[in-house]
Every structure is written in structure tokens, then in C-alpha cells.
């Protein structure tokens, strides 16, 4: 179904795949970070003594714990870019060898023998090398001033950006060589490395984003007993894992044929 242009209101939303949008009202110039290249780093790390490798890290073991009983899980994963080293590749304009140093931090929760929830903080330092990465130098140099004005500020138009999705794949309570209780974490993560340059783009536009007419919603407080009365009756027993006593109708039909 095509779009009725007279009733069309420009606003954020999904584009109708069966119709088409009306012509934009203007062409505007905006300044945004544009991605010139990106690649994926995928790691599954376990604790291992000695230098870090692509599969081990010596910082995935906790400090000695007091009477731990059970590992619960890990949370609050964070990544921080520490440094970037760029080396131009000969004969390949714009391409560089990138060495990135970053830190991943998170908390791991466990229960001790007294039933008390406790947390252990982990921080691992990693270095990865991207052998060939298109990250050209910006031709224009950017300088800007902000309010209150204390003088102009130079902006880095060449941006290396890291985006991460991480999870603890497991946690094992054991004893180290000195007999201390420790918690070893198996960490899995994905990191997207991006090279961005601040550029000006000419794009079609309709207008400023409309001011929303709906007021901000408030979550009404509900009485716990009322919520309990509305809830369905739960199952009293788990589902059984049983094989059928008789074959289904389709199997019978095939046997008769």
C-alpha cells in the first residue's frame, strides 16, 4: 500500500517497504563520524600463567577468597581503550598496521559458606594487532570552541573506536598451588574495531524532528495482592519426558499404505 502524502508526518520510524517516501524538503550538510573501516576481534579466554595468548590470560584468576561455596555469575562488563599505535604500510596509501591496548573489567558474584553474596572485581589488560586496516589521515584539521569559551580546542578527527559484547562463559572455584580458594573465569567477548573520521555529509532531510505530543509515561504502582490475583495459576509439577505409547496418525497412514 502506497503512502498518502497528504497524511504523511515525517518522524522516526520504519520505512514502508511496499511504498515510497515523499521527496525531501531540503538537502542539509551535517558533521558526523563516518566509518572508513572496521573488523571483528573474537576471543574465548581462560586463566593461564605466563604471558597472555589468544586463548589465555593470567588476570582471569581472583585474589584468595574466604570460604567460597558457589559461583553465581558475572556482570557490568566494561572496555576502555588505553593506547593506539599506527604504522603506515608501504605501497598501500591509507592502510596501517594498528596495535591497540585496552582493558576489560567486570564483577563476578559468588556465595560463601555463610550464604552471603560477595563480589570479586576483575580487570584484564589486552593487546591486539590488526595487520591491515584502512585508516587514512584526515586532510582537514579541526579546531572548535565551546561555551563557556576558554579558547579553541583541537579535536581528533581520526578516531579509533571499540565496541564490545562480553559474557562470562563459566566460573570455577578451585585451589591454587598455595592452597588458597580462588575463582577462575572463562571470558568470551566480541570487539568491533572501527576507524572513524569526522566528515561533512550532504544528506536529504524533511525537517526538524517533531516534538512528541504524548507525555512521558509513568508506571503506576500496583498492589502486590492485586497482581497476585490477576496472575495465572502456576504449574505444580514439571513437564514429563515420556515417549508416546502409540504412533501418531501420520505414521499409521504410512503403515497402512
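For this structure, a couple of remarks:
- Stokes-Einstein D for the stretch 71-111, Kirkwood Rh over Cα pairs, 20 °C, 1.002 mPa s (µm²/s): 164 µm²/s
- The stretch 169-248 - percent relative contact order, Cα under 8 Å, separation 6 or more: 15 percent
- Taking the fewest neighbouring Cβ atoms within 10 Å as the starting point, the ordered list for 14, 187, 162 is 14, 162, 187.
Every read-out reported here was derived from the displayed coordinates using simple, explicitly stated rules and does not represent laboratory data. Fair warning: this is a prediction, and the values are worked out from it, not measured in the lab. Ideal geometry is used to build each Cβ from the backbone, glycine not excepted, and the neighbour counts take in all protein chains shown.
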